[in-house]
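Novice: Please see the structure below; I have some questions.
The values are calculated or read from the model by the stated rules, or taken from the named source; none is laboratory data. All of these numbers come straight from a predicted model, not from anything done at the bench. All Cβ positions, glycine included, derive from the backbone under ideal geometry; neighbour counts span all protein chains shown.
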Amino acid sequence: MKPSKTLLVMIGSILFISLFGCKEKASKTNPAIASIDFKRGDLLLCGSGQFGELKFSLSCNYETRETFDLAVALLHSFQYNEAEKAFVKVIDADPNCPMAYWGVAMSIYHAAWFPPSKEELIKGYEVLKIAKGLSMDEKQRDYVNAIDAFYTDWETVDHKTRAKRFEVNMEQIYLKYPEDIEAAIFYSLALYSTRDRVGKEYVNERKAGKILEGLFVSNPNHPGIAHYIIHNYDNPVLAPKGLETARRYASIAPSSAHAQHMPSHIFTRLGIWQESIDTNLLSAESARCYAEAAALTGSYFEELHSIDYLVYAYLQKGDNTNAEYQYNLIKDRKVFHSMMLTAVTYPLTAVPARLALENKDWKRAANLELQETDLNWEQFPWQEAIHHFAVAMGAANTNDFNVVEKEIETLKKLHQNLVEKNDKTKAIQIKQIEIQIKTVQAWLNFRSNNKEKGLELMKEAVEVEKKTSKHPVTPGDVLPAIELLGDMLLELNRPKEALAAYEENLKAHPYRFNGLYGAAKANIKLGDREKAKEYYNKLIEMTEPSNNQRNEVKEAEKYLHSL
């Protein structure tokens, strides 16, 4: 889909000219403000410009309140660049408004995503230095101090510790001002930012979700409440609690590419593939619209992120044609916008890996090449590891064991690279490469006739996987280890154990194509025709209607016709 220019709303030249025309020039005479590289300009909002409804009473001049509330709404849908520009418009109109500086600092923290860069940390620190020098009431000071706790001592204190400081301060504000909806919402965001990113107890997520659900009933069009419910419930255990919200969020903030995409996190967790496809097609279109309007240099991460989810969903429906089409949109791109490079680089390795591995096209996997871009892959070891994992799995299953050994060594180096960074925000990435190494070693042994050793290593990989959460940037593992364990057990003619593995996998990854197919095959070997029929019917139902070319579906249809 091509973005429609008629959908673009350029907010600024008309809406703000009378409000800010004179004051903008006056505010720039303040040396402290002038020294900061604020994002400025018209707000670039695709669609109708709707980002939900909220009223945050802590803005300063009455005449800036509408702009301030829009900035907060943009912040809640992670439209960080546009949020900062809107907060800066408030600063230009009212340089003595401390909450406008708070908003800029929040816009460059992006709590649910990646840590700010050194330049952003310096900027946040300087912005808050201005804010703290202004006159403000107690509540405003509490908000400013809360985010200031994150930027203080950024050079010597690690990100995780400073994020925890922000969470503790937001909890105090939440308890101190029980009537303040935004305090509760930003506290829930802080809880999400300090969650256990590896484990599966979901302590913070449950706590945040409970707070947000209590607010959603009386604030049904608030973008932050809906958005953060989805983030906190983006896991196999809590996902069912987020389905109703997922189906509403896109309509609450229809002008946000991120809001159009986020419902698919829940749809993916529950195996609702068509709804995931529908919402990501809209998100990708909106992202292209924004990138064109903003004249961004290089591809925008929201588009690539949506495409990754699209490919995953199409593959589960057995629709290789549309999956390949989405991949063809990105496979030759070389230049990418610098924002959120984690989300930019992940699809560049994950998408081609999925296309080969999900189809068990081992020859294609073995011959994958790392996409040439203007990026330095050495800076993205986790993403690069996905490529080497796919090549290794392809080589193992085509008996090219020398290549497998070489790829294992590369994976080990990439794993060590991440470990040596001693970055606690990369814990999931470290664990996922560990799973990949054990998985490849398992299949190397299995294919080279050391089957028991292969099975032992595959079980070890599964045990690590069971204790490791999904990274929020990905729709799912490139191939779940427990699904691969099922494949191995099925080859060993141990269908009862294989079925147990497939069924456990389907609990965490409902309606995965290969999981349903594997479970059906295991039941056939066990002689349970009714259960095989049940799984094959699910497979056929899931893949219709679609451009299905998978032989597994034809096999299912043939089996059902034979009954």
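Novice: Out of the residues in the stretch 514-546 that are over 15 Å from E503 (Cβ atoms) and basic (K, R), state the one that is surrounded by the most Cβ atoms within 10 Å (Cβ to Cβ).
Specialist: K533
Novice: Quick one: what pairs do we get from the stretch 435-446, first residue of a type in the set (S, T, Y), second modelled with pLDDT of 95 or more and assigned to a helix (DSSP H, G or I), C-beta under 8 Å, 6+ apart or different chains?
Specialist: Pairs found: T439/F389; T439/M393; T439/L457; T439/M458; T439/A461; T439/A481; T439/L484.
Table: residues versus (1) out of contact with any strand residue (DSSP E or B) (no Cβ under 6 Å at 6 or more places or on another chain); (2) assigned to a helix (DSSP H, G or I); (3) more than 17 Å from H110 (Cβ to Cβ).
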site: R141; (1), (2), (3): yes, yes, yes
site: V144; (1), (2), (3): yes, yes, yes
site: D148; (1), (2), (3): yes, yes, no
site: D153; (1), (2), (3): yes, no, yes
site: V157; (1), (2), (3): yes, no, yes
site: T161; (1), (2), (3): yes, yes, yes
site: R165; (1), (2), (3): yes, yes, no
site: N169; (1), (2), (3): yes, yes, yes
site: I173; (1), (2), (3): yes, yes, yes
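Novice: Here is a further query. Which residues, taken from the stretch 34-66, are in contact with a Lys or Arg (Cβ under 7 Å, 6 or more places away or on another chain) and without any contact (Cβ under 8 Å) to a residue 24 or more places away in the chain?
Specialist: A34
Novice: Sort out which residues of the stretch 276-308 are closer than 17 Å to V344 by Cβ, of a type in the set (V, I, T) and touching a helix residue (DSSP H, G or I) at 6+ places or on another chain (Cβ under 9 Å), and write them in order of number.
Specialist: The one that is closer than 17 Å to V344 by Cβ, of a type in the set (V, I, T) and touching a helix residue (DSSP H, G or I) at 6+ places or on another chain (Cβ under 9 Å): I307.
Novice: Run L315 past the list (1) buried (at least 21 other Cβ atoms within 10 Å of the Cβ); (2) hydrophobic (A, V, I, L, M, F, W, C); (3) under 24 Å from Y80 (Cα atoms) and report the number of the one that doesn't hold.
Specialist: (3) is the only condition that L315 fails.
Novice: Residues of the stretch 352-390 being more than 19 Å from D308 (Cα to Cα) and at pLDDT below 95, which ones?
Specialist: The answer is D374, N376, E378, Q379.
Novice: Then there is this: Is it fair to say S299 is buried (at least 19 other Cβ atoms within 10 Å of the Cβ), hydroxyl-bearing (S, T, Y) and in contact with a Lys or Arg (Cβ under 7 Å, 6 or more places away or on another chain)?
Specialist: yes
Let's see how each residue does on (1) assigned to a loop (DSSP other than H, G, I, E, B); (2) surrounded by 15 or more Cβ atoms within 10 Å (Cβ to Cβ); (3) within 27 Å of the chain's Cα centre (by Cα); (4) at positive phi:
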{"residue": "V419", "(1), (2), (3), (4)": "no, no, yes, no"}
{"residue": "I433", "(1), (2), (3), (4)": "no, yes, yes, no"}
{"residue": "A442", "(1), (2), (3), (4)": "no, yes, no, no"}
{"residue": "A461", "(1), (2), (3), (4)": "no, yes, yes, no"}
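Novice: Read through the list (1) buried (at least 24 other Cβ atoms within 10 Å of the Cβ); (2) within 23 Å of D142 (Cα to Cα), then give the number of the only condition that Y177 fails.
Specialist: (1)
Novice: Looking for something surrounded by 23 or more Cβ atoms within 10 Å (Cβ to Cβ) and either closer than 24 Å to Y346 by Cβ or touching a Pro at 6+ places or on another chain (Cβ under 8 Å) (or both) - is there at least one such residue anywhere in the stretch 87-107?
Specialist: Yes: one or more hits.
Novice: Could you pull out the residue among S283, S306, S276 that is among the hydroxyl-bearing types (S, T, Y), more than 30 Å from K39 (Cα to Cα) and under 17 Å from the mean Cα position of the chain (by Cα)?
Specialist: Only one candidate qualifies: S276.
Novice: Can you list the helices (runs of 4 or more DSSP H) lying wholly within the stretch 186-288 that have 2 or more residues being among the hydroxyl-bearing types (S, T, Y) and surrounded by 20 or more Cβ atoms within 10 Å (Cβ to Cβ)?
Specialist: Where helices (runs of 4 or more DSSP H) fall fully within the stretch 186-288 and carry at least 2 residues being among the hydroxyl-bearing types (S, T, Y) and surrounded by 20 or more Cβ atoms within 10 Å (Cβ to Cβ), they are 243-252, 263-270.
Novice: Among the residues that make up the stretch 59-75, is at least one of them assigned by TED's automatic domain parsing to the domain that holds A184, under 29 Å from D423 (Cβ atoms), surrounded by 19 or more Cβ atoms within 10 Å (Cβ to Cβ) and modelled with pLDDT of 90 or more?
Specialist: yes
Novice: Okay, moving on. Can you tell me which residue in the stretch 115-139 is surrounded by the fewest Cβ atoms within 10 Å (Cβ to Cβ), limited to those that are modelled with pLDDT under 95 and within 16 Å of A190 (Cβ to Cβ)?
Specialist: Ranking the qualifying residues of the stretch 115-139, first place goes to P115.
Novice: Within the stretch 148-160, identify whether any single residue is touching a helix residue (DSSP H, G or I) at 6+ places or on another chain (Cβ under 8 Å), of a type in the set (A, V, I, L, M) and surrounded by fewer than 23 Cβ atoms within 10 Å (Cβ to Cβ), and answer yes or no.
Specialist: yes
Novice: Go through (1) buried (at least 20 other Cβ atoms within 10 Å of the Cβ); (2) in contact (Cβ under 8 Å) with a residue 24 or more places away in the chain; (3) assigned by TED's automatic domain parsing to the domain that holds R550 for L506 and report which single condition fails.
Specialist: Result: L506 passes all but (2).
Novice: If you check E491, E497, which single one turns out to be out of contact with any strand residue (DSSP E or B) (no Cβ under 6 Å at 6 or more places or on another chain) and closer than 26 Å to S469 by Cβ?
Specialist: The unique qualifying residue is E497.
Novice: Residue under question is A442, and the condition is that it be hydrophobic (A, V, I, L, M, F, W, C) and farther than 18 Å from E483 by Cα; does it hold?
Specialist: So A442 does not fit the description; no.
Novice: While we're here: Considering only the stretch 505-563, state which residues are in contact with a Leu (Cβ under 7 Å, 6 or more places away or on another chain), basic (K, R) and not in a helix (DSSP H, G or I).
Specialist: R512
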